[in-house]
Amino acid sequence: MTTNTTPTMTVTHTAANARINFAKAAPKAFRALVGFDVAAREGLDPALVELIQIRASHLNHCAYCLHMHTNDARKAGESEHRLHMVAVWREAPHFFTEKERAALALTESVTLVADGGVPADVYAEAAARFDDEELAQVLALIFAINTWNRVALSTAKMAGTDER
């Protein structure tokens, strides 16, 4: 048994709360999700891809995906300064381009869609910064990372155990 303690909670991992391995238990669904993820990234700037995935993972409280995508961003050359600012991008707009800020706002709205949908102004700003094909790819990427976050959270993936 391992115990991780933070100031607000204690999480204990034991055999009693072990979860299924989604990839092994539903291989066709898993492969379809991997294919969707690959297709969603196509044609997008790799730095933008990671920013979107990091922000959605923040919002969904998915430590597993956040750890994975911040590491991927670092490997791709992303600066620590920008990585630290993703969660507070509105307060630090000078760290991000207009296009990145539009994508981050859209990521938040789509990720938190139950809180009021995707506001017209957020969508319009994204549509002004991306052509139709790019916008569709950004949306697909947001859909994909939200699905991955749900897979990781539902199956209790532990941050730092990247199993790709």
Please find, within the range 131-141, the residue that is least open to solvent (accessible area, probe 1.4 Å) out of those that are hydrophobic (A, V, I, L, M, F, W, C) and over 14 Å from the mean Cα position of the chain (by Cα).
-> L135
Given the residues R82, R74, R55, R90, which is the only one that is open to solvent by 20 Å² or more (accessible area, probe 1.4 Å), in a helix (DSSP H, G or I), more than 20 Å from G160 (Cα to Cα) and of a type in the set (D, E, K, R)?
-> R82
Looking only at the range 34-47, decide whether some residue is within 21 Å of S109 (Cβ to Cβ), under 10 Å from the mean Cα position of the chain (by Cα) and charged (D, E, K, R).
-> no
When the range 151-163 is examined, which residues are found to be open to solvent by 30 Å² or more (accessible area, probe 1.4 Å), in a helix (DSSP H, G or I) and under 10 Å from C65 (Cβ atoms)?
-> L153
List every residue pair whose Cβ atoms lie under 8 Å apart, where the two residues are 6 or more positions apart in sequence or sit on different chains, the first residue falls within the range 70-84 and is within 13 Å of L48 (Cβ to Cβ), and the second residue, located anywhere, is open to solvent by less than 30 Å² (accessible area, probe 1.4 Å) and not in a helix (DSSP H, G or I).
-> R82/F96
Tell me which residues, restricted to the range 93-111, are polar (S, T, N, Q) and not in a helix (DSSP H, G or I).
-> T97
Test A102 against the criterion of being touching a helix residue (DSSP H, G or I) at 6+ places or on another chain (Cβ under 6 Å) and surrounded by fewer than 19 Cβ atoms within 10 Å (Cβ to Cβ), and give yes or no.
-> no
Would you mind finding the one in A144, A114, A128, A124 that is at pLDDT 95 or above, in a helix (DSSP H, G or I) and surrounded by 14 or more Cβ atoms within 10 Å (Cβ to Cβ)?
-> A144
Restricting the range 28-47 to residues that are in contact (Cβ under 8 Å) with a residue 60 or more places away in the chain and part of a helix (DSSP H, G or I), which is surrounded by the most Cβ atoms within 10 Å (Cβ to Cβ)?
-> A40
Looking only at the range 13-24, and only at residues there that are open to solvent by less than 70 Å² (accessible area, probe 1.4 Å) and within 26 Å of I145 (Cα to Cα), the one that is modelled with the lowest pLDDT | H13
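The values are calculated or read from the model by the stated rules, or taken from the named source; none is laboratory data. None of these values were measured; they are calculated from a predicted model. For neighbour counting, all protein chains shown are included, and Cβ atoms are generated from backbone atoms with ideal geometry for every residue, glycine included. Areas reflect the complete protein model, heavy atoms only, side chains present, ligands, DNA and RNA absent. Shrake-Rupley method; radii C 1.70, N 1.55, O 1.52, S 1.80 Å.
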